[in-house]
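No lab work stands behind these numbers, since they all come straight from the coordinates. Being a predicted model, the structure only gives us computed values, none of them experimental. Quick reminder, even Gly has a Cβ in these numbers, built from the backbone with ideal geometry, and neighbours come from all protein chains shown.
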Ligand SMILES: C[S@@+](CC[C@H](N)C(=O)[O-])C[C@H]1O[C@@H](n2cnc3c(N)ncnc32)[C@H](O)[C@@H]1O
């Protein structure tokens, strides 16, 4: 199969049927295309459909005369949603061409009866025969429960900014470790190759799918969003210090630190052995060790100069890159994450030596997982103070307990970061 529309339908089907994450699936198909324009169309169709999933479903259900999306199988649902997305959003493609393509595909992968349904549905949508009105949560394609929860937690202006950001196409960034200390000047990193250097010597924005593939072949890049690349620059450097990254996998930050500061010793701990093994293969540095243990009940006896805690979180800062979260995250999951984060923070705090640092960070914008958690922690732990150091040239969104990287300003995820210092009581 090398038709970009058919592949997009297959990926969206797996998103519906198996709760699959779409990014690894999209990347796994890039090699099947000779022409990068096909890769780009497939990518746009998948992300566009998933980002607008709830809104497109509303359009489909309004126009489906006698049935409802949920009464169809996952393949039929995917076909309908991807085709509506192309018709409504990819306005450079003539509407007749879009309708023709999906009718032909549906004849091939479903049956004649269903292809007639697709034909009628798309033609009616093209003629706008019905009026569809959207509630705000549908407009942003976020599940209603999560929208209500966030409306209570976040100022309206910020929530709208976050959700508008979630609908835009996202950017892909890589980190090239051989440039961390500015040692190598490799021609692969020239702007003509579709890579744009941003903020740090090792950080690049990939401008095209072609750049992504070329970069992979030549430079062994680490895919890492700009937000977390900024965050790792905020972690304090303690010369010859000992570092513990308590929830480290896939070890993007700890591998950066081991490379940037060869004189430190860093231990990457995580509960997930498979992810740790992969990280160990990818990041080989003598000052970087790997341990598999539960961060809450860890058996570490000694204390460290720097403890890093980047725990599992609701991921609400990453909606643009991981639109699945808008559909799948809910209040029950957030409650259990909060408890886990609280427990992990307590354990992490015990592992910080006197005058040492505890860096807490998440890729969510939920105050309950960030500043409110830190505020509550500090109420009981007078032996810790806030000591977050900012970075020249970068504007953060600040509050009394930490800083946010503003995803809409820096064209990346939103990310929370704070440094606590253990002091004598
Ligand atoms: C947000 S990710 C960390 C990303 C990492 N800091 C990086 O830069 O690559 C959170 C990690 O916590 C790990 N985790 C979840 N529960 C854990 C537990 N009880 N103990 C240790 N690690 C855990 C997950 O396996 C996941 O890899």
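Points to keep in mind about this one:
- Residue satisfying all of: in segment 214-232; surrounded by fewer than 18 Cβ atoms within 10 Å (Cβ to Cβ) and on the phi < 0 side of the Ramachandran plot; nearest to the ligand (Cβ to nearest atom) among these: 223
- Tallying residues that are within 19 Å of residue 232 (Cα to Cα) and out of contact with any helix residue (DSSP H, G or I) (no Cβ under 9 Å at 6 or more places or on another chain) within segment 372-395 yields 3.
- Screening 364, 388, 347, 318 for residues that are surrounded by 14 or more Cβ atoms within 10 Å (Cβ to Cβ) and farther than 21 Å from residue 229 by Cβ leaves exactly one candidate, 347.
- Residue 385 satisfies every condition listed in (1) within 30 Å of residue 264 (Cβ to Cβ); (2) part of a loop (DSSP other than H, G, I, E, B); (3) more than 16 Å from the ligand (Cβ to nearest atom) except (2).
- Residue within segment 270-291 that is under 28 Å from residue 403 (Cα atoms) and loosely packed, with under 15 Cβ neighbours inside 10 Å present: no
- Residues in segment 328-340 that are surrounded by 19 or more Cβ atoms within 10 Å (Cβ to Cβ) and more than 14 Å from the chain's Cα centre (by Cα): 334, 337.
- Filtered by the rule that a residue be more than 31 Å from the chain's Cα centre (by Cα) and either under 16 Å from residue 9 (Cα atoms) or surrounded by 14 or more Cβ atoms within 10 Å (Cβ to Cβ) (or both), segment 64-89 gives a lone residue, 64.
- The listed residues are 58, 92, 13, and the only one of them that is farther than 18 Å from residue 320 by Cα and surrounded by fewer than 16 Cβ atoms within 10 Å (Cβ to Cβ) turns out to be 92.
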